[in-house]
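Student: Below: one structure in structure tokens.
The values are calculated or read from the model by the stated rules, or taken from the named source; none is laboratory data. Everything numeric here is computed off the predicted structure, so don't read it as measured data. All Cβ positions, glycine included, derive from the backbone under ideal geometry; neighbour counts span all protein chains shown.
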Amino acid sequence: MKTGRVVYIMGSGRSGSTVLEVLLANSPDAVGVGELSHVIEDGFIKNKKCSCGEEFRKCGFWGRIVARVESERRDWERLNRILRGVEWHKGYWLTLLGLQKKKVQCDYKEINEVLLDAIFEEGEGKYIIDSSKYAGRALALSQQRDIRVICLLRSPSGLLNSFRKPNKEEQRPKSLVSLFLYYVYVTTSVRLAISRLPTQVFKLNYEDLVKNPSRVLDEISEFTELNLVDVKRKVEEKRMHTVGHLITANRIRKSQYVTLNTKIEVKDRHTLIEKVLIFVMQMWAKLLRL
Ligand SMILES: [Zn+2]
């Protein structure tokens, strides 16, 4: 059953994807689910705490999804392996090259249909906002659903500042070399996905969202057909946005409201080697037309 549209946020870690997801999920037509790619593991398997304060299975929203999808016995460990095998790092290349086994493709499609249908019906939204970020998920989902992809990236300098901040729950601070390799990997994988996606992709830099939120929200609204009138007003009035029911590991999961911080941190205290790497990363992104 095809019940609505998925607005999918693809991109790198620490690029403001959760903030963007919270903004879009505050549309009256939408339901935000965080990183749906992690919900089987963090929710169905580990029963982690939701942003509403309840455990996944006891949460007012996810509890209803659980009741609906667990009416049939499911092997969540196996389904999680299938999901990772299609969307995550190594699996991405198989998906990109069309080399996934038929059985894996069928099981992948089935579990996504079941989850998305349950969320559309229980969430009563015409749109699901999914911020899983994996390029592989954008590719695989586009083969089965009406999807609009927003490719969200952050400037190399902003990414470097962000990855320096210690944060136990998210990706750990990276060394310069691993950050560089991570950036090259993510930008290459999103570039390849963009060229393969049957739908158009909206390319967005986090810095543009922060500098010009009203204009960017108008563009996203036009691209996705999401009603963002109230969201835009709240951003302009610097009001809070409600965080829905997020399960996946993120600091925002621990707050019930967020505001869009429209001040860009300017920390130009980069060392020479950092400046060189930032320059190479900028050139790389330019080469990939990102
Ligand atoms: Zn909840």
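Student: In the list LEU209, LEU246, LEU226, LEU204, which residue meets the criterion of being within 16 Å of the ligand (Cβ to nearest atom), at pLDDT 90 or above, within 18 Å of the chain's Cα centre (by Cα) and of a type in the set (A, V, I, L, M, F, W, C)?
Tutor: Exactly one residue qualifies, and that residue is LEU246.
Student: Could you please find all residues in the range 49-67 being at pLDDT below 95 and among the basic types (Lys, Arg)?
Tutor: Correct list: LYS49 only.
Student: Between a residue in the range 50-73 that is of a type in the set (Asp, Glu) and any residue that is more than 8 Å from the ligand (Cβ to nearest atom) and in a loop (DSSP other than H, G, I, E, B), which pairs come within a Cβ distance under 7 Å, given they are 6 or more apart or on different chains?
Tutor: Listed by first residue and then by second, the contacts come to GLU55/ASN47.
Student: Please go through (1) out of contact with any strand residue (DSSP E or B) (no Cβ under 8 Å at 6 or more places or on another chain); (2) under 21 Å from GLY4 (Cβ atoms); (3) within 14 Å of the ligand (Cβ to nearest atom) for VAL69 and return the number of the only condition it doesn't satisfy.
Tutor: In the conditions (1) out of contact with any strand residue (DSSP E or B) (no Cβ under 8 Å at 6 or more places or on another chain); (2) under 21 Å from GLY4 (Cβ atoms); (3) within 14 Å of the ligand (Cβ to nearest atom), VAL69 misses (3) alone.
Student: In this structure, does LEU160 turn out to be in contact (Cβ under 8 Å) with a residue 12 or more places away in the chain, in a strand (DSSP E or B) and under 20 Å from MET281 (Cα atoms)?
Tutor: Judged against the criteria, LEU160 is not a match.
Student: From GLU54, GLU35, which residue is crowded, with 16+ Cβ neighbours inside 10 Å, within 16 Å of the ligand (Cβ to nearest atom), closer than 16 Å to GLY244 by Cα and of a type outside the set (Lys, Arg)?
Tutor: GLU35
Student: Only one of these is in a helix (DSSP H, G or I) and within 16 Å of the ligand (Cβ to nearest atom): GLY125, GLY63. Name it.
Tutor: Matching residue, one of GLY125, GLY63: GLY63.
Student: Moving on to the next point. Quick one: in the range 133-179, of everything that is among the charged types (D, E, K, R) and farther than 30 Å from GLU113 by Cα, which residue is modelled with the highest pLDDT?
Tutor: Checked the range 133-179; the qualifying residue modelled with the highest pLDDT is ARG154.
Student: What number of residues within the range 124-154 are within 25 Å of LYS90 (Cβ to Cβ) and among the aromatic types (Phe, Trp, Tyr)?
Tutor: Residues in the range 124-154 being within 25 Å of LYS90 (Cβ to Cβ) and among the aromatic types (Phe, Trp, Tyr): 1 in total.
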